[in-house]
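Each remark here refers to the structure printed beneath this line.
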Amino acid sequence: MKRVNLIILVLLAVAFLIIVERNLLNLSDILHLENPDAGMILPFESEVSPDLRLETVRKGEEIPVLITAAEERLGAVVAAMNSVYQNSKANVVFTIVTLNDTVDHLNEWLTKTRLKNVKYKIVIFKPELLKGKISKDPQTLEAVKPLTFARYYLPAYLPEAEKAIYLDDDIIVQGDIQELYESNLKPGHAAAFSDDCDSASSKGFVRGAGNQNSYIGFLDFKKDAIKKLSMRANTCSFNPGVIIANLTEWRNQNVTQQLEHWMELNTREDLYSNSLAESITTPPLLIVFYKRHSMIDPMWHVRHLGSTGARNRYSPQFVRAAKLLHWNGHYKPWGRTSSFSEVWDKWFIPDPTGKFNPVRPHAED
């Protein structure tokens, strides 16, 4: 009798366990139907803070970007850097070339604002580099801005980099800078630029400013040194406000030394065009890179926003679609009269020291 009771108890226990297991399985099915994404959450995703997640995606290949910082234009530099940083998740590292008396102001602006997490290093430009390379003509000296020549020395400022981007300060980047960085340069080319004949609007703009959309607007083709180069005077010039540089080729071809050679020769033979405005950094680049440079996608360098009539030339829709905007010309977006200054305003960060303040436009063209 005891043995029978024991068998019955064992059977009851087994039956009970079977019932419990079925109930648990049914409950699991119900939960899965109510929450079909259960079990799909990546480990720790919800526990990672936004800042840490941002730092994670910014790890990887560094994208070196060089920009110059003149004291009177620091607001432009900050706006340009902010636009690059905010519109990309890439690991951008800025090299900022400036003069000694600007370092403290620049550091304070960057560390006390939302740019405090930006990776950057400051290097000091030595104006003595230009000794013997700039004409002593008073009118020329007045137009000389030493920092504009920093682009000649890219490999010196970025000794570890194989590729880099140079940007003028009067730009705003609306696309992901990594896309520009990954642009392909042709074999043997040390740099890529935007040709001034790459769009109908560019032609129209520059003709009104002295025909500087071709080589003859920058160089004097009557001079023997220029004649010997056998360059076509009507060749499209290019704008060096945005440069993608293959620094390995730049070093191998001694590009910096070639540029310095033409600067020095100009001081003796006056090779630049008489109609040349302020772009005295452009002629040596045009010579050295004559038919030896790659092209930048036109949408990655929409130019002449600082020229008269820019708002009539470009629609607001086109400006919004552009990847990079450049206010080259007399009218800067932080000045009194400029087209599309409202676009620049979105990226400007007020100066914590109060020294730099944009002059709000009174009227727009």
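The values are calculated or read from the model by the stated rules, or taken from the named source; none is laboratory data. The structure presented is a predicted model; accordingly, all values stated were derived computationally and were not measured. So basically every Cβ, Gly included, is an ideal-geometry build from the backbone, and we count neighbours across all protein chains shown. Calculation scope for accessible area: heavy atoms of the full protein, side chains included, ligands and nucleic acids excluded. Shrake-Rupley method; radii C 1.70, N 1.55, O 1.52, S 1.80 Å.
With R₀ set to 56 Å, the beta-carbon distance separating Arg320 from Asp224 gives a calculated FRET efficiency near 0.70.
Loop-located GluC sites (Glu not before Pro) in the range 251-303 (DSSP state other than H, G, I, E, B) with a sparse environment of at most 14 neighbouring Cβ atoms within 10 Å: Glu278.
How large, in percent, is the carbon and sulfur part of the accessible surface of the range 294-359 at a probe radius of 1.4 Å? Roughly 55 percent of what the probe reaches on the range 294-359 is carbon or sulfur. The eigenvalues of the Cα gyration tensor, multiplied by 5 and square-rooted, give the range 73-147 an equivalent ellipsoid with semi-axes of 30, 13, 12 Å from largest to smallest.
Could you give the length gained by full extension between Glu71 and Asn274, i.e. 0.36 nm per residue of separation minus their alpha carbon distance, to one decimal place?
70.1 nm
Measuring nothing but alpha carbons in the range 270-341 and taking Rh as the Kirkwood radius, the Rg to Rh ratio lands at 1.04.
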